[in-house]
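Accompanying notes for the structure given below.
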Amino acid sequence: MKKIKLIFIMSAFAYSASAQFSKGTIFVGPTLGTNSYQSASDNLNYSSGSNQTRTASSKAYTLSFGPQVGVFINDHLVLGGSINYSLSVRNTNTSTTLTNNNLLTTNAKTNTSTVNAGPFVRYYYFDKLSKTMFYTQLNGTLGTGRGGSSSSGNNNINSTYQSDGTINGIFSWNVGGSIGLTHFFNDFVGMDFAVGYGYTSVNSNNQNVTNTSSNISEIVTTVPNDYKETLLTHAVTLGLGFHWFFNKVI
């Protein structure tokens, strides 16, 4: 009787190991970090007008984390959904040289936080199961959130300014794809590594107040500066996560 039970248990685990990628297997776990980095620079040389040269550089960082849940609809294909919390920081520095050689500078920074949710589809490539499995994934999300902004600089040699504001009504959408691998520590737990590409569109309402100080009269002028912004970004993404694979046999 004990031998029969032992054979049954071993058979169940053997089946589970070979069926971890079978139809109906549940795929669940956190994406510990999906981060992206964008860097851009712009150099202009004017042939007319009051500007002589203009140099602008910007850098943006994004970090997001949250759970994923999916189900295998066959031995290779996973359909599921995710929800994540995302933090973004963008810095922009601009220097403009006028024809009279005066230098105008602007330093701007924005911080936003959003909650995003959406579907994903993942396809594993294999002829037979192994400890390391390669995959491709497509995903999309919709999100909302808020943030803040600040900037400072000089309008000319006689005045400087400081601007602070809030970012509300953020609506974002993202589509992307990645290639990666899942390395299994055992039959049920794996770690993901992935690299990919993402395209993001963010619409927001910005409410700012700009204080301009005269270096001559020391008078401070306060002016509201509200605007709507649409920001489009292309980014390289890196992903790291853990996933558990639950089969109905267990």
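I need the shape label for segment 174-250. Rule: rounded when a/c is under 1.5, else prolate if a/b > b/c, else oblate, with a, b, c from the alpha carbon gyration tensor. In terms of gyration-tensor shape, prolate. A 1.4 Å probe run over the protein chains yields, for segment 148-195, 44 Å² of accessible area per residue, whole-number rounding. Under the simplified labelling scheme, the TYR199-ILE179 pair shows an inter-label distance of 2.0 nm, with each label point 7 Å from Cα along Cα→Cβ. In this Cβ point-charge picture (+1 for Lys and Arg, -1 for Asp and Glu), segment 59-177 has a dipole of about 140 debye about its Cα centre.
Using a probe radius of 1.4 angstrom, the carbon and sulfur fraction of the accessible surface of segment 78-205 is 61%.
Going by accessible area, probe 1.4 Å, with all protein chains left in place, what is the ranking of HIS183, HIS234, HIS76, largest first? Each step should come with its number before you reach the end.
Values: HIS183 65, HIS234 115, HIS76 45 Å².
So the residues, ranked largest to smallest area, are HIS234, HIS183, HIS76.
By a 1.4 Å probe calculation restricted to protein chains, TYR161 has an accessible surface near 40 Å², given to the nearest 10. Amide H contacts for ASP75 (H built 1.01 Å from N in the peptide plane; partners 5 or more residues away or on another chain; cut-off under 5 Å): LYS23. The heavy atoms of PHE134 present about 120 square angstrom of accessible area, all protein chains included, probe 1.4 Å.
Indicate the gyration tensor shape class of segment 94-250 (rounded, prolate or oblate), computed on the Cα atoms with a ≥ b ≥ c the square roots of the eigenvalues: a/c under 1.5 is rounded; otherwise a/b larger than b/c is prolate and the rest oblate. Prolate is the answer for segment 94-250, as a/c is 1.5 or above and a/b outweighs b/c. The Cα center of segment 197-234 and the Cα center of segment 89-149 differ in position by 20 Å. With the whole protein complex present, ARG146 retains an accessible surface near 140 Å², based on a 1.4 Å probe.
Length gained on full extension, ILE73 to ASN100: 2.9 nm, using 0.36 nm per residue less the C-alpha separation.
The values are calculated or read from the model by the stated rules, or taken from the named source; none is laboratory data. The structure displayed is predicted, hence computed values, not measured ones. Every residue, glycine among them, receives a Cβ derived from its backbone with ideal geometry; neighbour counts consider all protein chains shown. Heads up: the accessible areas ignore ligands, DNA and RNA and are worked out on the full protein's heavy atoms, side chains in. Shrake-Rupley method; radii C 1.70, N 1.55, O 1.52, S 1.80 Å.
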